[in-house]
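Here's the structure, in structure tokens; my notes come after.
The values are calculated or read from the model by the stated rules, or taken from the named source; none is laboratory data. As the structure is a prediction and not an experimental result, all values here were calculated from the model. Positions of Cβ are backbone-derived with ideal geometry, glycine not excepted, and every protein chain shown enters the neighbour counts.
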Amino acid sequence: MSLFPPLLPRHALVLFSGGQDSTTCLAHALSRYERVETIAFDYGQRHRVELDARLNVLQALRQQFPAWGERLGEDHLLDVNVLGHISETSLTRDTAFAMEASGLPNTFVPGRNLLFLTLAAALAYRRGMDVLVTGVCETDFSGYPDCRDDTMKAMQIALSLGMDKRLLIDTPLMWIDKAQTWQLAHELGDASGVADGGKALVDLIVEHSHTCYLGDREHRHAWGYGCGSCPACELRARGYARYSAAA
């Protein structure tokens, strides 16, 4: 018996960077919603390789999970380089990762998720979609204020009012850590109808998704490709180790 309910007759747009979190969110959306599309943003990020990795994730999902592939619709890539122009952060400049006096890491790109959600909502409006799925998390994260639950609730209200259309912002990872995110991917894969789908989806995420802030696709670890030392790699590696130990 499936762990997940029947598909909801709603249309979802997944904010899909091609990382571990957004790939898990995409699997969540494909397990839950009738129609699913994806959107990504080129904002001049140092780890721009993620924009290539995400295409590999989409191709692998279509091939390995054909039932999902039938409902996986159009992919959209928006150029928002203006965000990189106005951001002095280690994700958009060649500077070392560090903590700021504010207590936030200098990987924080101010307004990034607010802009992404606004643009996603505008596209969703045009394409008749009513759910935005995003991988923000307040449990195992870097403290970014635009990843917090209160921000998402406020954005859902503001976008629904501004679009004069009831929108849902679905945040399946909000209250789970990275180990639980790996476990969720396993459960979603198992419920997909594909033989040994849990292992297949986790292996897909390990091999094809990209998280490393430095854009390293040369060094292969048990948890995937990356430098192994940036904040994103450290979070992913710790989560995978805890997930593997509990498996």
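Quick notes on this structure:
One line per residue, one yes/no per condition, for (1) farther than 28 Å from Ala60 by Cα; (2) crowded, with 17+ Cβ neighbours inside 10 Å; (3) over 19 Å from the mean Cα position of the chain (by Cα):
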site	(1), (2), (3)
Asp146	yes, yes, no
Asp150	yes, no, no
Ala154	yes, no, yes
Thr171	no, yes, no
Ala179	no, yes, no
His186	no, yes, no
Ala195	no, no, yes
Gly198	no, yes, no
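- Per-region count, the stretch 2-42, residues assigned to a strand (DSSP E or B), of a type outside the set (Asp, Glu) and farther than 19 Å from Leu168 by Cα: 1
- Qualifying residue in the stretch 13-33 (condition: modelled with pLDDT under 95 and either closer than 16 Å to Leu123 by Cβ or hydrophobic (A, V, I, L, M, F, W, C) (or both)): yes
- One residue from Asp79, Asp94, Asp75 being surrounded by fewer than 18 Cβ atoms within 10 Å (Cβ to Cβ), at pLDDT below 95, in contact with a strand residue (DSSP E or B) (Cβ under 6 Å, 6 or more places away or on another chain) and among the charged types (D, E, K, R): Asp79
- Unique match (being acidic (Asp, Glu) and either crowded, with 22+ Cβ neighbours inside 10 Å or at pLDDT below 95 (or both)) among Asp203, Asp216, Asp190: Asp216
- Inside the stretch 43-70, residues that are part of a helix (DSSP H, G or I), out of contact with any Phe, Trp or Tyr (no Cβ under 8 Å at 6 or more places or on another chain) and surrounded by fewer than 16 Cβ atoms within 10 Å (Cβ to Cβ) make up a count of 9.
- Only one of Thr181, Thr151 that is touching a Ser or Thr at 6+ places or on another chain (Cβ under 7 Å) and either outside any loop (DSSP other than H, G, I, E, B) or of a type in the set (Asp, Glu) (or both): Thr181
- Among the residues of the stretch 219-240, those that are touching a residue at least 40 places away in the same chain (Cβ under 8 Å) and surrounded by fewer than 18 Cβ atoms within 10 Å (Cβ to Cβ) comprise Pro231, Arg238.
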